[in-house]
Amino acid sequence: MSHNSPSFVSPSEIRARFSSYMSDMYQNEVPLYGDLLDLVSSVNNKVLAEQPEIKAHLQRTGEIERLSMERHGAIRVGTAAELATIGRLFAVMGMSPVGYYDLSPAGVPVHSTCFRAIHENELQTSPFRVFTSLLRLELIDDPELRQLASETLAKRNIFTPRAIELIEQFETEGGLNTEEADEFIKEALETFRWHTKATVTAAEYDKLHAQHRLIADVVAFKGPHINHLTPRTLDIDQIQAGMPTRGITPKAVVEGPPRRNCPILLRQTSFKALQEKVAFTDQHGTDGSHTARFGEIEERGAALTPKGRTLYDELLNAARNELGEFPNEENSQRYIELLESYFKDFPDNYEEIHNQGLAYFRYFVTKKGYGAIEKTELPSNLNDLIAGGFIEYEPLVYEDFLPVSAAGIFQSNLGDNSQAHYSISSNQTQFQEALGQKVLDELSLYADTQKRSIHECATFLKLQQINL
Ligand code: OOG
Ligand code: NI
């Protein structure tokens with residue numbers, strides 16, 4: 001009987017190390033990513049130096065410790081079997097599928113989930129997340145092309161044999177020792193590497209590409225190359241303004257909410273995909289080319305409750321409806337003004353956001369609270385404990401993605417000519433069948449973290465319980 005043998009490396013440790021190796025690999029593959037990291041770290045250092053209140057907030061929540069290593073990646077897989085095995089591979093690193101995103105309304109033939117750690121302690125060790133999309137072959141209308149795609153995908157194996165062995169060993173024995181974990185990281189990385197050699201002829205590539213660039217990107221290559229790796233900034237507007245000074249052209253608008261004092265959810269920007277050399281199977285040199293990988297930067301804010309999220313969706317939709325078309329270079333100024341004007345209806349201080357139940361929070365016992373333990377008669381109600389200065393709170397950071405933003409990122413990188421219209425609707429059940437497990441509901445994860453923090457406060461304050 002070995003439960004949690006001390007010689008096992010914790011999944012969070014494996015994730016943290018994998019994320020760092022992934023970042024090194026991507027920096028080698030895409031040197032522009034290194035420039036982006038420089039820009040992000042200089043903006044973050046500036047914000048921390050100039051805005052002590054932001055620094056204090058990040059210190060209280062612990063986010064300051066994870067900020068510089070925080071990344072999300074994205075991959076696109078071609079088959080149910082690939083998705084299921086990716087799920088098992090990420091499980092070795094303590095990552096579970098969270099949320100379901102349907103991109104078909106945006107004309108992108110995929111549906112997706114986010115693999116990430118789910119407990120606040122594990123997120124603190126490494127918040128690494130991977131937006132993982134599954135190609136929906138049923139959305140390819142040309143039967144011949146559909147067959148070419150599925151036959152090509154059936155022939156490839158995106159995992160090394162040793163990676164599979166180590167995944168199986170993790171599953172049967174409950175963990176990996178240091179040596180095995182090192183080996184696993186090295187083997188797992190192979191799945192995400194860029195391959196210059198394609199799996200199809202140039203003519204086949206052209207056919208796939210003509211149907212949808214994304215289909216060519218998934219089908220024509222040996223594996224699900226990581227297509228971007230996104231660092232987290234504390235001020236995305238400074239990044240958006242700073243990119244051109246480094247010769248990088250950002251997309252027209254920042255996705256997500258407008259600039260605010262209290263950031264909510266997620267704001268993202270990206271730069272267009274790079275032209276890469278490719279060797280098709282009927283060519284000797286690298287005569288072909290493909291655009292796959294791009295750069296993205298994001299700013300993260302408070303995780304919203306269902307009530308807050310409904311308000312966010314309402315305001316975002318109102319702004320977009322009034323704009324009347326997709327945000328682009330020409331209308332970007334007007335879009336920003338519309339967003340700012342509609343979002344005046346979303347409270348912009350944490351007290352009001354808290355009191356209206358718009359976001360999830362983490363509660364902390366204050367110095368005064370610790371001083372009062374077993375000395376003062378403490379109220380047993382959360383709001384009274386807050387009013388009395390015994391407990392304070394900080395918003396939980398949003399760990400997930402936004403479907404409208406993701407669609408905007410996909411589109412800005414696929415080009416406007418790739419807009420398609422699909423009549424088939426979202427299908428979470430089918431996605432979960434392919435994955436071989438259910439995706440977790442992100443809102444209940446935030447609610448759990450919030451509950452645990454209230455419970456912890458009660459324990460510290462030696463209260464039976466804290467009433468809401
Ligand atoms: C994923 C696009 C979505 C995000 O941050 O919303 C995304 C992809 O292009 O594969 O990464
Ligand atoms: Ni992304």
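The values are calculated or read from the model by the stated rules, or taken from the named source; none is laboratory data. Model, not experiment: these values are computed from the prediction. Ideal geometry is used to build each Cβ from the backbone, glycine not excepted, and the neighbour counts take in all protein chains shown. Side chains are part of the model used for accessible areas, which takes the heavy atoms of the whole protein and leaves out ligands, DNA and RNA. Shrake-Rupley method; radii C 1.70, N 1.55, O 1.52, S 1.80 Å.
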- What number goes with the only condition from (1) open to solvent by 10 Å² or more (accessible area, probe 1.4 Å); (2) within 16 Å of ligand 1 (Cβ to nearest atom) that residue 75 does not pass? (1)
- May I ask you to list the residues in segment 271-318 that are of a type in the set (A, V, I, L, M), surrounded by fewer than 21 Cβ atoms within 10 Å (Cβ to Cβ) and under 20 Å from residue 340 (Cβ atoms)? 311, 315, 318
- Restrict the check to segment 74-82 and report whether at least one residue is touching a residue at least 24 places away in the same chain (Cβ under 8 Å), closer than 23 Å to residue 403 by Cα and touching a Cys at 6+ places or on another chain (Cβ under 8 Å). no
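Please find, among 153, 166, the residue that is touching a residue at least 60 places away in the same chain (Cβ under 8 Å), assigned by TED's automatic domain parsing to the domain that holds residue 231 and within 22 Å of residue 198 (Cβ to Cβ).
153
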- Message: For segment 204-230: of the residues being open to solvent by less than 50 Å² (accessible area, probe 1.4 Å) and part of a loop (DSSP other than H, G, I, E, B), which is farthest from residue 13 (Cα to Cα)?
- Response: 212
- Query: If you check 308, 285, which single one turns out to be at pLDDT below 90 and more than 24 Å from residue 413 (Cα to Cα)?
  - Reply: 285
- Message: Is it the case, given these coordinates, that residue 341 is at pLDDT 95 or above, more than 26 Å from the chain's Cα centre (by Cα), among the polar types (S, T, N, Q) and open to solvent by 10 Å² or more (accessible area, probe 1.4 Å)?
- Response: yes
- Task: Return a yes/no flag: does segment 92-101 have any residue that is in contact (Cβ under 8 Å) with a residue 12 or more places away in the chain and within 13 Å of ligand 1 (Cβ to nearest atom).
- Result: yes
- Message: Out of 434, 458, 407, 447, I need the residue that is more than 30 Å from residue 270 (Cα to Cα) and either open to solvent by less than 20 Å² (accessible area, probe 1.4 Å) or not in a helix (DSSP H, G or I) (or both). Which one?
- Response: 458
- Item | Only one of 201, 196 that is open to solvent by 50 Å² or more (accessible area, probe 1.4 Å), in contact (Cβ under 8 Å) with a residue 60 or more places away in the chain and either more than 30 Å from residue 50 (Cα to Cα) or within 16 Å of ligand 1 (Cβ to nearest atom) (or both) | 196
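Pick out the one residue from 88, 66, 76 that is under 25 Å from residue 25 (Cα atoms) and within 16 Å of ligand 2 (Cβ to nearest atom). Even if it seems obvious, please write down each step before you answer.
Working: 88 fails: within 16 Å of ligand 2 (Cβ to nearest atom); 66 fails: within 16 Å of ligand 2 (Cβ to nearest atom).
None of the other options fit; the residue is 76.
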- Note on the structure: Picked from segment 115-166 (must be β-branched (Val, Ile, Thr) and within 21 Å of residue 217 (Cα to Cα)), the residue nearest to ligand 2 (Cβ to nearest atom) is 130
- Residues (at pLDDT below 95 and farther than 16 Å from residue 242 by Cβ) located in segment 262-277: 272, 273, 274, 275, 276, 277
- Exactly one of 453, 444, 380 is more than 16 Å from ligand 1 (Cβ to nearest atom) and within 22 Å of residue 97 (Cβ to Cβ), and that residue is 444
- Odd one out for residue 361, checked against (1) open to solvent by less than 50 Å² (accessible area, probe 1.4 Å); (2) touching a Leu at 6+ places or on another chain (Cβ under 8 Å); (3) farther than 26 Å from residue 467 by Cα; (4) among the hydrophobic types (A, V, I, L, M, F, W, C): (3)
- What residue, of 15, 60, is among the basic types (Lys, Arg), more than 16 Å from the chain's Cα centre (by Cα) and in the same structural domain as residue 422 (by TED's automatic domain parsing)? 60
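Mind counting the residues in segment 105-132 that are in contact with a Lys or Arg (Cβ under 7 Å, 6 or more places away or on another chain) and either more than 28 Å from residue 152 (Cβ to Cβ) or part of a helix (DSSP H, G or I) (or both)?
7
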- Task: Please work out if residue 126 is under 21 Å from residue 408 (Cβ atoms) and either within 16 Å of ligand 1 (Cβ to nearest atom) or surrounded by 19 or more Cβ atoms within 10 Å (Cβ to Cβ) (or both).
- Result: no
- Item | Residues that are touching a residue at least 24 places away in the same chain (Cβ under 8 Å) and of a type in the set (Ser, Thr, Tyr), drawn from segment 169-193 | 178, 191
